[in-house]
Structures are given as C-alpha cells and as structure tokens.
Amino acid sequence: MKLLFVHQNMPGQYREILMWLAAQGEHDLAFLTQRQDVQIKGVRRISYRPHHKAGKDAYGLSKDWETAAGAGLGAALALRALEKSDGYRPDIIIGHTGWGELLFMKEIWSDVPVIGFFEYFYRTSGGLVGFDPETPPNDQAGFFAKARNTVPYASIESVDLGHAPTYWQRDRFPASFHDRMYVCHDGIRTDRLTPDPGASISLGRLGRALTRQDEVITYVARNMERARGFHIMMRALPRILEARPEARILMIGGNETSYGAESKHPGGLRGEMEEELGDSIDWSRVHFLGKVPYDDLCRIIRISRCHIYLTMPFVLSWSLLEAMSMQATVVAADVDPVREAVTHGETGMLVDFFDPKALADQVVDVLARPDAYAHLGPNARAHVVETYDFLTRCLPEHIARINALVPSDKRIQI
C-alpha cells in the first residue's frame, strides 16, 4: 500500500506506526513535512514550505486560520508538483489537522481517503483557559478560542475519518464530530518500556551513579511551565525535602513555554519560582537536568521511587503512560484527562492540582511506607499493557481503520 503521512514536525504522533510499517518492508511510505533534518529508513521524506504565513500585525482572530491556510496550500501544491513530476498518488493520507496541512488534500485527490488526527478543541472551560486562578483569562479569551476552532471545523469536512488519542480529547470537540471520529492512543511500546531494578544514572556533580537504592523523586515535562504544574511542584519541594532528608529531586524539561501564558520573569518560570522559594529549599538536592536523551529519560524513570505527573486539564503526556509502563509509582494531578489513565489507589495516587501541601504529603507517605504502595507500579504497568500497548492494542485498531477505507487488495496484514 502507498501511505502518505503528513505532519509539520515529522514523525510527530506517527513514530511507532511508521517504524512498524517500515520494518515490514512491504509498503511504499512517504512523509510530507516542513522538516528537512529527519530521515527514517524506508520512508521517503517530502518537504514543503508554507505558501503564506500570517504577519506579526495580522488580525488576531483570523491569524491562526491565515497561517493554517498557508500551510495547507503549501502542502497541497507540493503534492501536486510531485504528482506531475513522478506520477505519485497515495492510497491513503494520514495526518495531523492542527496546522491546516490536510485542508486541501481533497482538491488534489478527491477520491483518496484521509484520516485526520484531531488533538485539541479550544474552549473557555474544562481545559487550560481559566483553570488556574493565578493566570485568569481576559475578557477576549472566548473570542480567540472560537476563532482558533475555525481550523478543526474546516478540517472535519476535509477528512473521511477523524482520530483522537483519548476520550477526553474527543469529548472536547462538539458532539457533531464524535460519530466521525475513532478513539485510540498512538500506542506505548510496553515490550521495550519495562522495569529494570538494576538501572542507574550518573549525575556530574554527584560523582556517583544513582540507583533504586537512592531515594529519587522524578518530575518530567517537555517544558517547566504552569500548564504542566511546575509551579505546584516547586511549592511542594520544601515540605518534601524537609521530611525526607536523603531524597533527591530530578527535574527533566526545558525552560520554555509550550502552552498557556509565559512567565514575565527574565529567568522564565523556573527563575520566578527560584526567586519565590529562595532558601526554603536545599538546592543541592534538586537537579535540573534540562532535556535529556530518551534512553537517559528511561533510566531516570526506572530508578525513581516516586514519579510526579502534574498537568492542567490538557493533552495527556506520553511520559505518564511510559512511566506507568516502566512500573513507576505515580502521584498525579486529579484532573479529567489523568483520571482516564490513572485510578486513584489502584494504578497511582491522585492529588488536588492546586494543593502543594497535599502533593508533598502524598509523596512523603509513598517514600515512608513503600510496602503500602507496592501494588501501584505493577498495576499501572498491567493497565498500560492492556489499554495502551502499541503492538497488541493500538496497532491493530489503527490498521483496521486504515484497511476499512482502502480496496481489499491494498489492505495491510498484521
């Protein structure tokens, strides 16, 4: 089968399925992207440039649409040129709808089926906007949320089938979208993400390796920002460190802002919180590791005695499910998208997002009474294997959806 994947940041959510298909060696795989620095063996990369980008002075309410339309036209024109030069024509197109890249695919090939990934629908309740009283929305937030949804509204009419990775994400979209979408996670490689009691990681300033014998607490986010509860995590540290004098905190993530409001502090949110907390924290036991290689990330999670996952109501991080697959003892924010993956007292412990004292007390108790929480890690892994495993759960569902849209002689065999 000829499969065309589309995502401005190759491979995006398609890493696992793309690698699996490439390993089969039976399919013609292409990837349309803005990136020019990524290459996957067995996958033809097709780079495109947006036809237009909204200027800095563009009207705010139409800026997202203007940029998405420019990306969509650039993507479509690149494929039209490829068809003329090479006769290229895919059997199916699979891509992300968020940046407009799928908007005009039917204008190039009206009868080629398209599956679109729908990640997030903007609302002024139930998500990031208005959740944190420290960053209240202005009186124009509703206008901008409505305007940003122009792209998904246009995209649902540009695809044959929609896809959302979790039920919480699907339910953000209007009910009229739901019968045109299926729900299935991208998939977690639980066969690779296994626990390892012998794991270790070396930290330069310690001069020795940390192992499961050390009292290690971990926090992971793409960036240390409010959307991922970094400010709450930091405010819990004084109480944790005082109660557990041997504990070390390993913080993984950049110091930028991916979602929501940016900190006005010159040092970013990290600088803001360091200034707020001052000498109430023993900074010698707090390790900011930045963004680390994936193998190192896994080793760090495997030595963790307690893994903290905080988020406002937003897209669930892969890191949570990966940590659960590695049998981590998780303490997480008690918000809707997390509750879809974590059951309190069974596969992890949930705490009020806004209560750093409750977070600290729960972490301290996990460390003080490990036998009382010993069931959480194995249960978490079992749940991820059953619900989110790539090979046994997610891959068959995605392949079935693809096969349902193509002729029988083109279908993929598992």
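Placing unit charges on the Cβ atoms only, positive for Lys and Arg and negative for Asp and Glu, gives the chain a dipole magnitude near 940 debye about its Cα centre.
Note that the stretch 365-371 has calculated 3J(HN,Hα) couplings of 5, 4, 6, 6, 10, x, 5 Hz, one per residue in order, obtained from phi through the Karplus relation 6.51 cos²θ - 1.76 cosθ + 1.60 (θ = phi - 60°); glycine and proline are x. Distance from the Cα centroid of the stretch 58-119 to that of the stretch 301-361 is 36 Å (rounded to whole angstrom).
By DSSP, the beta bridges lying fully in the chain are antiparallel in about 10 percent of cases. Expressed as a fraction of 2.2 N^0.38 Å, the C-alpha radius of gyration for the stretch 183-237 is 1.54.
Given a 1.4 angstrom probe, I'd like the percentage of the accessible area of the chain that is carbon and sulfur, rounded to a whole number. Please report the intermediate quantities before stating the final value.
Working: 8770 of 18490 Å².
Here carbon and sulfur together make up 47 percent of the probe-accessible area.
Take each peptide in 397-404, 320-327, count the other Cβ atoms within 10 Å of every residue, and average; sorted highest first, the result is 320-327, 397-404.
Since only TYR153, GLY72, PRO50 are under comparison, the one whose Cα sits farthest along the positive direction of the charge dipole of the stretch 10-168, derived from C-beta charges on Lys, Arg, Asp and Glu, is PRO50.
Stretched out fully, how many nm does the piece from LYS84 to GLU276 gain, at 0.36 nm a residue minus the Cα gap? Intermediate results must be reported in sequence, preceding the final value.
Values: separation 192, 0.36 × 192 = 69.12 nm, distance 6.02 nm.
Length gained, LYS84 through GLU276: 63.1 nm.
Here the label points at LYS2 and ARG180, each 7 Å from Cα along the C-beta direction, are separated by 2.6 nm in the simple model.
In straight-distance terms, cross-link reach from LYS410 covers every one of the lysines whose alpha-carbon lies under 18 Å from its own, apart from those fewer than eight places away in the same chain; here that gives LYS2. For THR257 and GLU340, the FRET efficiency from 1/(1 + (r/R0)^6), where r spans their Cβ atoms and R0 equals 22 Å, is about 0.30. A cut-off of 5 Å between modelled amide H atoms, ignoring neighbours fewer than 5 places along the same chain, links TYR88 with GLU83.
Give the residue list of chymotrypsin sites (Phe, Trp or Tyr not before Pro) in the stretch 1-78 that are DSSP loop and have at most 16 other beta-carbon atoms within 10 angstrom. Please list the in-between numbers first.
Working: sites: PHE5, TYR14, TRP20, PHE31, TYR48, TYR59, TRP65; in loops: TYR48, TYR59.
Passing both the DSSP loop test and the Cβ count: TYR59.
Within the stretch 89-175, the GluC sites (Glu not before Pro) that combine a DSSP coil assignment with at most 14 other C-beta atoms in a 10 angstrom radius are GLU134, GLU157.
Using alpha carbon coordinates only, what is the Rg to Rh ratio of the stretch 352-411, with Rh defined as the Kirkwood radius? Each step should come with its number before you reach the end.
Values: Rg = 20.4 Å, Rh = 15.2 Å.
Rg/Rh for the stretch 352-411 comes to 1.34.
Phi-derived couplings, Karplus 6.51 cos²θ - 1.76 cosθ + 1.60 at θ = phi - 60°, listed residue by residue for the stretch 258-266: 8, 9, x, 6, 7, 6, 8, 6, x Hz, with x used for Gly and Pro. If you wrap the tightest convex hull around every Cα atom of the stretch 1-53 and split its volume per residue, you get 69 Å³. Note on the stretch 83-151: Kirkwood hydrodynamic radius from all Cα pairs is 14.8 Å, rounded to one decimal. A viscosity of 1.567 mPa s and a temperature of 4 °C, combined with the Kirkwood radius over Cα pairs in Stokes-Einstein, give a translational diffusion coefficient for the stretch 110-214 of 73 µm²/s. With helices as the sole contributors, the chain gives -10500 deg cm²/dmol at 222 nm; each DSSP H run of n ≥ 4 counts as -39500 (n - 2.57), and the sum is divided by every residue.
Within a straight-line Cα-Cα reach of under 23 Å, LYS63 can be paired with the following lysines, leaving aside sequence neighbours fewer than 8 residues apart in one chain: LYS53, LYS146.
Cross-link partners for LYS357 among the lysines, with Cα-Cα distance under 29 Å and sequence neighbours closer than 8 places in the same chain left out: LYS264, LYS291. Mind grabbing the base-10 log of I(q)/I(0) for the stretch 298-414 at q = 0.11, 0.19 Å⁻¹? Debye formula, identical points on the C-alpha positions, no solvent, two decimal places. Results for the stretch 298-414 at q = 0.11, 0.19 Å⁻¹ read -0.43, -0.95. Spread over its residues, the convex hull of the C-alpha atoms of the chain is 151 Å³ per residue.
The values are calculated or read from the model by the stated rules, or taken from the named source; none is laboratory data. Keep in mind the model is a prediction, meaning the values are calculated, not measured. Here Cβ is always computed from backbone atoms with ideal geometry, including for glycine, and neighbour counts include all displayed protein chains. Remember, those area values only see protein heavy atoms, side chains included, never the ligands or the DNA or RNA. Shrake-Rupley method; radii C 1.70, N 1.55, O 1.52, S 1.80 Å.
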